[in-house]
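Some notes on the structure that comes next.
Please treat every number below as a calculation from the coordinates, not as lab data. Just so we're clear, the structure is a prediction, and the values are computed from it rather than from any experiment. With ideal geometry, Cβ positions are generated from the backbone for all residues, glycine too; neighbour counts draw on all protein chains shown.
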């Protein structure tokens, strides 16, 4: 049998690993999907941002120009809107992550047999449209909404508070509500990998519950916390639906400016330049943040 194997394969050649074939079968479909629906549109938008206008067909040859980027660099309100949107996204991501952590902690360590039921309740908002959830907050914060009705019926105010709606505060409150279930999932996944025997070991060493959380649970769940923060921060920078519905003119974000150039102004090249600046800026902020936070150093503490 050994001689037959040697005769059937070249000397020194390794037998084919069946796991490699399985890997390519499983990896190729998602890789092709990412290339087709993520990478290709981004490359197309990047190329579109260097066009002067939309004369001719979109795929027609053109002379690249930096006119739109130069115009954007000289337009202070747009850059100021990008910075304000980044700060808003930072606050929304921090608030959503902080509020989602107790929910995930309860589901991981305190819910017991009801954890699956509570998880379903947490995911109930996913069963409704994103637009409907935003509109629900518009009804709650409006002049005749739930909050103003309760305040007036309790005699706290004599007339509706108009400041509850159509401002940046309404945008932040609505986005935090929308993102809390999303932020809880990666944190829950990280907490689910924490060995509960570590808590018992810490208790044997006379660690208080707070010390157990600070020295054991929190460091081990940091990857999930960072993932939740980034998962909220990145899409919130370019958010435009929520500011459009509950923000009004004072709650406008950078994504609304991009939307206007793609829809009302029909200036796709300039809108693409705005989008590419936002993309590069967001990636740079995430890279700098990860560099400053240094998750590996936090995990070693």
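Just want to confirm a number: the relative contact order over the range 33-164, from Cα pairs under 8 angstrom separated by 6+ residues, in percent. Walk me through the numbers before you get to the answer.
On the way: 46 pairs, mean separation 11.7, N = 132.
The value is 9 percent.
Take the Cβ atoms of residue 241 and residue 26, set R0 to 30 Å, and the FRET efficiency comes out at 0.30.
What number, in percent, do you get for the relative contact order of the range 75-300 if the mean sequence gap of Cα pairs under 8 Å and at least 6 apart is divided by its residue count?
Values: 236 pairs, mean separation 63.5, N = 226.
Value for the range 75-300: 28 percent.
Once the chain from residue 288 to residue 203 is taken as fully extended at 0.36 nm per residue, the excess over their C-alpha distance is 26.9 nm.
Secondary-structure-derived ellipticity at 222 nm for the chain, considering helices only, amounts to -21000 deg cm²/dmol, per-run term -39500 (n - 2.57) for DSSP H runs with n ≥ 4. As a rough guide to protection, the peptides 160-171, 260-271, 89-100 ranked by mean Cβ packing within 10 Å, highest first, stand as 89-100, 160-171, 260-271.
Using only the Cα atoms of the chain, build the gyration tensor, take square roots of its eigenvalues as a ≥ b ≥ c, and label the shape rounded, prolate or oblate: rounded if a/c is under 1.5, else prolate if a/b is larger than b/c, else oblate. Taking the square roots of the gyration eigenvalues as a ≥ b ≥ c, the chain is oblate. Spin-label pair residue 195-residue 99: with each label point 7 Å from Cα along the Cα-Cβ axis, the two points sit 3.6 nm from one another.
Just how far, in whole angstrom, is the range 120-134 from the range 69-111 if you go by their alpha carbon centroids? Their Cα centres are 20 Å away from one another. The range 208-235 and the range 159-200 have their alpha-carbon centroids 13 Å apart.
If packing is taken as the mean number of other Cβ atoms within 10 Å per residue, what is the order of 231-237, 253-259, highest first?
253-259, 231-237
Working from label points 7 Å from Cα in the Cα-to-Cβ sense, the residue 159 to residue 65 distance is 5.2 nm.
Note on the range 22-37 and the range 257-292: Cα centroid distance 27 Å, given to the nearest whole angstrom. Sorting 172-179, 47-54 by average packing, meaning the other beta carbons within 10 Å per residue, from highest down gives 172-179, 47-54.
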